[in-house]
Each structure stands twice: as structure tokens, then as C-alpha cells.
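Everything on this sheet refers to the single structure shown next.
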Ligand SMILES: [Zn+2]
């Protein structure tokens, strides 16, 4: 049996991912740290018209995240930040991987987690996948365990699958052997935990359309040994399917291919190999 981490750093793309995936686990841990990767304010969806500006929308999302944290005073959150103090743009994290990794590594070294928990590579939201990739590198750099959770993806019929792993083969057992579906850690929340999680989710008013589609009672994650191969061809076959129906990808005006993401992953690895300080 895989042990639960005691002091995990939970690395997610934007506010609401942490509560949707791990709102119950967050209540149980003594001092978890949630790290948000992007500003959560995507270009191209008319949000600036609706909220006055993209900045106003981003600020609102982080005000909501701060209110969520009030329900779980044991937890804290931080945001990835560039050296000039700016934040990473929603749906463009993959274009900024060196700066994002530098910020995540600095936060991780200060917090000293016993594990990183992040998104599984699902081929649905591009920032989720970029987080999955960064989490793999940071867990490796810190030599800590890496856990991943499922959030959502589209099956071949175009149905949204929530909170189920897309690629069952990517899991691993503590002894390093190949995991099966039976090795997925799954826990049911108590009635008190469900009530608290519902209050947390309700704080994400700006995301209520998304949040309402997730069932709060059960959560899942698994130990993973993601490596470079986890992000390339075998999953990419399915991943390319998104190119034809890019429901979650980018704007209608500027669609992004999975190839562009994998190219940035490769560029990041070249960059990382040249960093003397990156052990
Ligand atoms: Zn998300």
C-alpha cells in the first residue's frame, strides 16, 4: 500500500483545481502548501468585457482562492512568479517553462515537501499538462515522491470524463513495479468533510459552471514515475485527437497543437541540461 504524503506541495494550474481534486485531502493534512501556476485569466473568451479587464478577473479568482483557504486554516497557498514579479498567463504556461520551473523550485526548496502532488497528463487543459511536466522535473530535482490526480478529459466520443485516470499504465507501485487500476488511491470523504468541501467549492463563484459538474464525495490520486516518455508518443496519439475538437484548447482564433506543447517540453529539457545549478 502506498502511504499518503504528510507534507505535500500541491501544484495546480489555477484556483479551483486543488479543491476539485483534493478538497477533502486538504482538510486532513497538517500543513499542505498549494501552489498555483498561472493567473487563471484566459485570453479569447470575452472575460475582459465581462469583468472589466483580464487583470480584474485574475484578481477575482485569487480572492476566491483566499476565501477557500479560510475554510482550511491548516493550508496555505503561493503563486508562481517571474523574477520581475509578474505572473504566468493562463493557457500559456508551456511557453514559459524555464521561468516557471525556477519559481517552483525556489518555493519547493523553502517549503521542503515530502512529496509533490500535481495533475496527471490528460490531454485536456494545456496548463494542467504543463503542470504535470513541471511537477515531474521538480520532484526529480528534490528527490521526493510524485503523486498525480485526474481531473477531466474528453473520450473519443467527445464525452467529458471526470476524476478518472486516462492512462492507467502511467501509475507505479512503491517497489517500482507497474501499477494497475487497483493501485489508484481512492478515499471517500466524511459527511463533515463533504460539507466543508462544498463550502470551499461555493467560494469559486466565477467558476460555478465548471465546479458544479464534479462530484465532491470521492477523491483519487496515484504514485507515478513520470519520465520523458510519459509525455510523448503513446499518449500523444490520443492527445492529437484534441486538435480536431479543441474544446478546451486555446481560443477559437488561435488553436494549439499538441506538437507545440511537446516541442516546448523538449526545449525545456535542453535548457535544463545547460543549468549548472540544477542538480
Ligand atoms: Zn483546471
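The values are calculated or read from the model by the stated rules, or taken from the named source; none is laboratory data. Model, not experiment: these values are computed from the prediction. Heads up, the Cβs are rebuilt from the backbone with ideal geometry, glycines too, and the neighbour counts pull from every protein chain shown.
Scanning segment 229-242 for residues that are modelled with pLDDT of 50 or more and exposed (fewer than 12 other Cβ atoms within 10 Å of the Cβ) yields one hit, 229.
So which of 180, 174 is over 21 Å from the mean Cα position of the chain (by Cα) and within 25 Å of residue 109 (Cα to Cα)?
Values: 180 fails: within 25 Å of residue 109 (Cα to Cα).
Just one listed residue meets the conditions, 174.
When residue 27 is tested against (1) within 16 Å of the ligand (Cβ to nearest atom); (2) at negative phi; (3) within 19 Å of the chain's Cα centre (by Cα); (4) touching a residue at least 60 places away in the same chain (Cβ under 8 Å), just one condition goes unmet, and that condition is (1). Taking the criterion of being under 15 Å from the mean Cα position of the chain (by Cα) and outside any loop (DSSP other than H, G, I, E, B), the residues of segment 1-24 that qualify are 8, 9, 10, 11, 12, 17, 18, 19, 20, 21, 22, 23. In segment 160-167 there is at least one residue matching the filter, namely being free of Cβ contacts under 8 Å to residues at least 12 places away in the same chain, farther than 21 Å from residue 2 by Cα and in contact with a strand residue (DSSP E or B) (Cβ under 6 Å, 6 or more places away or on another chain).
Would you say residue 94 is touching a helix residue (DSSP H, G or I) at 6+ places or on another chain (Cβ under 9 Å) and more than 25 Å from residue 123 (Cβ to Cβ)?
no
Residues that are within 18 Å of the chain's Cα centre (by Cα), buried (at least 21 other Cβ atoms within 10 Å of the Cβ), in a helix (DSSP H, G or I) and away from the ligand (no atom under 13 Å from the Cβ): does segment 39-62 have at least one? Yes. Do you know which of the residues in segment 243-274 that are within 21 Å of residue 159 (Cβ to Cβ) and part of a helix (DSSP H, G or I) is modelled with the highest pLDDT? Looking at residues that are within 21 Å of residue 159 (Cβ to Cβ) and part of a helix (DSSP H, G or I), I get 258.
With at pLDDT 95 or above, within 14 Å of the ligand (Cβ to nearest atom) and not in a helix (DSSP H, G or I) as the only criterion, which of 118, 132 stands out?
From the options 118, 132, the qualifying one is 118.
Looking at 8, 98, 32, which one is more than 15 Å from the ligand (Cβ to nearest atom), closer than 27 Å to residue 269 by Cβ and either at pLDDT below 95 or crowded, with 21+ Cβ neighbours inside 10 Å (or both)?
Numbers: 98 fails: either at pLDDT below 95 or crowded, with 21+ Cβ neighbours inside 10 Å (or both); 32 fails: closer than 27 Å to residue 269 by Cβ.
Just one listed residue meets the conditions, 8.
Look through 138, 194 and report the one residue that is in a helix (DSSP H, G or I) and closer than 20 Å to residue 114 by Cβ.
138
One line per residue, one yes/no per condition, for (1) buried (at least 24 other Cβ atoms within 10 Å of the Cβ); (2) within 18 Å of residue 104 (Cα to Cα):
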| site | (1), (2) |
| --- | --- |
| 120 | yes, yes |
| 134 | yes, yes |
| 141 | no, yes |
| 149 | yes, no |
| 155 | no, no |
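A search for C-beta distances below 6 Å between a residue of segment 199-225 that is over 23 Å from residue 171 (Cα atoms) and any residue that is crowded, with 16+ Cβ neighbours inside 10 Å and modelled with pLDDT under 95, counting only pairs 6+ apart in sequence or on different chains, returns 201/211; 204/211.
Considered as a group, the residues in segment 148-179 that are over 19 Å from residue 228 (Cβ atoms) and part of a strand (DSSP E or B) include one that is nearest to the ligand (Cβ to nearest atom), and that residue is 152. Apart from one condition, residue 127 fits all of (1) surrounded by 23 or more Cβ atoms within 10 Å (Cβ to Cβ); (2) at pLDDT 95 or above; (3) assigned to a helix (DSSP H, G or I); the exception is (2).
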